[in-house]
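S.K.: Structure provided below as structure tokens; questions to follow.
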Amino acid sequence: MAQIEITKGIAFLQEEKTLSGVRKIAEKVKKDIKLVTNYLPEDCNQVGECKNLIIYGTLGYSDILDSLEERQIIDFSSIRSKWEVYQLTILDH
């Protein structure tokens, strides 16, 4: 399993289509990371721009999450059609 050291080099991938409530929660998580590690994760707008990404979004509103599922890289069946749930998956690439 991949291990990521939370110091420098992690970023939150922010898509334009991300719902505003989801964006607000992501900002709170970034601030929590800053409180614990003294490092504020960057924002990233494209997959190739940043190395260690935290991808967040809403299924059906995220081209990247939908693509990962279509290519069978991540299976979201356990959370599909549910409200206020999340899934954590670490991918090595």
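The values are calculated or read from the model by the stated rules, or taken from the named source; none is laboratory data. Everything numeric in this text was worked out from a predicted model, so none of it was measured. Counting neighbours? That spans all protein chains shown, and the Cβs are built from the backbone with ideal geometry, glycine included. Note: accessible area is taken over every heavy atom of the protein model, side chains too, but ligands, DNA and RNA are not part of it. Shrake-Rupley method; radii C 1.70, N 1.55, O 1.52, S 1.80 Å.
S.K.: List the trypsin sites (Lys or Arg not before Pro) within the stretch 21-76 that DSSP assigns to loop and that have no more than 14 neighbouring Cβ atoms inside 10 Å.
M.R.: Values: sites: 23, 24, 28, 30, 31, 34, 51, 71; in loops: 51, 71.
Of the trypsin sites (Lys or Arg not before Pro), the ones in loops of the stretch 21-76 whose Cβ has at most 14 other Cβ atoms within 10 Å are 51, 71.
S.K.: Using a Förster distance of 25 angstrom, determine the FRET efficiency expected from the C-beta separation of residue 79 and residue 39, and round it to 0.05.
M.R.: For R0 = 25 Å, the calculated efficiency reads 0.30.
S.K.: Please get the size of the charge dipole for the stretch 48-93, origin at its Cα centre, with Cβ charges of +1 on Lys and Arg and -1 on Asp and Glu, quoted in debye to the nearest 20. All intermediate terms of the calculation are to be shown ahead of the outcome.
M.R.: On the way: 4 positive and 8 negative charges, 23 e Å.
About 100 debye.
S.K.: Take the chain, connect every pair of alpha-carbon atoms lying under 10 Å apart with a spring to form a Gaussian network, then pick out the residue of 27, 15, 70 with the largest mean-square fluctuation.
M.R.: Of 27, 15, 70, the most mobile in the Gaussian network model is 70.
S.K.: Using helices alone, I'd like the mean residue ellipticity at 222 nm for the chain: each DSSP H run of four-plus residues gives -39500 (n - 2.57), total over residue count, nearest 500.
M.R.: On the way: 2 runs with 26 residues, N = 93.
One gets -9000 deg cm²/dmol as the mean residue ellipticity at 222 nm.
S.K.: Send over a whole-number figure in Å² for the accessible area per residue of the chain, probe 1.4 Å.
M.R.: Numbers: 7310 Å² over 93 residues.
So the chain comes to 79 Å² accessible per residue, rounded to a whole number.
S.K.: If you don't mind, another one. Which of (1) 109; (2) 95; (3) 75 is the computed volume of the Cα convex hull per residue in Å³ for the structure on display?
M.R.: Calculated volume of the Cα convex hull per residue in Å³: the matching label is (1).
S.K.: Connecting C-alpha atoms closer than 10 Å in a GNM of the chain, tell me which of 55, 79, 64 has the biggest fluctuation.
M.R.: Sorting by GNM fluctuation, first place goes to 79.
S.K.: Of 53, 68, 13, which is the most mobile in a GNM of the chain whose springs link Cα atoms less than 10 angstrom apart?
M.R.: Of 53, 68, 13, the most mobile in the Gaussian network model is 68.
S.K.: Still on this model: How large, in percent, is the carbon and sulfur part of the accessible surface of the chain at a probe radius of 1.4 Å?
M.R.: Details: 3810 of 7310 Å².
That share works out to 52 percent.
S.K.: Please list, or write none, the aspartates and glutamates whose alpha carbon is within less than 15 Å of the alpha carbon of residue 28, excluding same-chain residues fewer than 8 places away.
M.R.: 42, 43
S.K.: I need to check one value: relative contact order of the chain, counting alpha carbon pairs closer than 8 Å and at least 6 residues apart, in percent. Provide the component values of the computation, followed by the final result.
M.R.: Values: 97 pairs, mean separation 32.1, N = 93.
Result for the chain is 34 percent.
S.K.: What does the net charge come to around residue 74 if you take all other residues with beta carbon closer than 15 Å to its beta carbon, with K and R at +1 and D and E at -1?
M.R.: On the way: positive: 71, 80; negative: 63, 66, 69, 70, 75, 92.
Surrounding charge for residue 74 is -4.
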